Structure formats: structure tokens, C-alpha cells
Amino acid sequence: MARQLRVSWNAIDAVMRRAVRRGLVRREAQPPRAISVDDTAVKRGHAYVTIVSDPDRGVVVHVADERKTQSMAGYYESLPESHKLRLEAVAMDMWPAYIAATEAHIPGAREKIAFDKFHVAKYLGEAVDRVRRQEHRALLGAGQTTLKGSK
């Protein structure tokens, strides 16, 4: 950009900083009613970042290194109490660190946490398969093949 606009990097940096400052002021004036929490890999291996977004406005409101309790706690600690009370829903996967941070910082968190359907369906499918296998073994022991090939 600096080369194309024929200005110094310092000029570009100053414009960016002013834009970020204006954006942060606007964001603080509109506390989210709901947030979505997810993690994503940033490098090969197990390097993750935690991303908190406002699904109503479609904006990212927080990014933190790693996917630990402190990654989420840092976001919650930056919120005024009025913003925490305004939160109606926190959508997330079933990552224990996110659950713990939310329960520690958000009043009534257990009623506000909504787990994403992918993880709920995954765990439900695994549970059904475990029960099916147990039933199949019990039926085979009794000489019945009713569940054979039922997976």
C-alpha cells in the first residue's frame, strides 16, 4: 500500500491505528447480546487461537493465543459487568476450558451456554453406537443375531 500510494509506512500505520481506535470505540458502544466461541489452528501441529465473535453483527470481538481457560477468561475480564449481564447466549463447542471460563465469569452461564450441533451430534452418535455394541454382544451371548449388520 505504501508503495502504491507513494506514502511512507508510518503514514499507513497512522491511518490503520486511527481506524482501529474508531472501530474499538464503536464496538464498545454496542455490547453483544450473544457470542460465538471457536478455536482454529494457526500453524501445523497444535498451535491454536481462540476467536470470539458477535454473530448478530458478524464481527470478531476478541482473538487470544491458545485454547485455554485464560484465553476466554481474558475476554470476559475485559468486559464491564453490564456487558456480562447483557449476554443472553454463548455458543461454543464442548471444550472444557471454554466452559470453565464462561461459568466462572458469566452470571447464569449454565442457562446461556449453547453447544454447537456438530459436537452434540458427534457425542450422541458415539453413545448410540456404544449402546448398540453392548446390546449386540448381549444378544450374541443369548444366541440371537438380531443386530448383526445394524451399524
Per residue accessible area of the stretch 61-142, 1.4 Å probe, in Å²: 62 Å²
- prompt: Using +1 on the beta carbon of Lys and Arg, -1 on that of Asp and Glu, and nothing else charged, what's the dipole of the chain about the Cα centre, debye to 20?
  reply: 540 debye
Within straight-line cross-link reach of LYS122, lysines at Cα separation under 20 Å, skipping those fewer than 8 residues along the same chain: LYS151
The chain, Rg to Rh (Cα coordinates; Rh as Kirkwood inverse mean 1/r): 1.21
message: Highest mean first, how do 30-41, 15-26, 129-140 rank when packing is the count of other Cβ atoms within 10 Å averaged over residues?
response: 30-41, 129-140, 15-26
- prompt: In the neighborhood of TYR48, defined by Cβ-to-Cβ distances under 11 Å, what is the net charge if each Lys or Arg adds +1 and each Asp or Glu adds -1?
  reply: -1
- line: With a 1.4 angstrom probe the carbon and sulfur portion of accessible area for the stretch 5-66, in percent, totals 54 percent
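The values are calculated or read from the model by the stated rules, or taken from the named source; none is laboratory data. Worth saying up front: this structure is predicted, and the values here are computed from it rather than measured. No Cβ is skipped: glycine too gets one built from the backbone with ideal geometry, and neighbour counts run over all protein chains shown. In case anyone asks, the SASA skips ligands and DNA or RNA and just uses the protein heavy atoms, side chains included. Shrake-Rupley method; radii C 1.70, N 1.55, O 1.52, S 1.80 Å.
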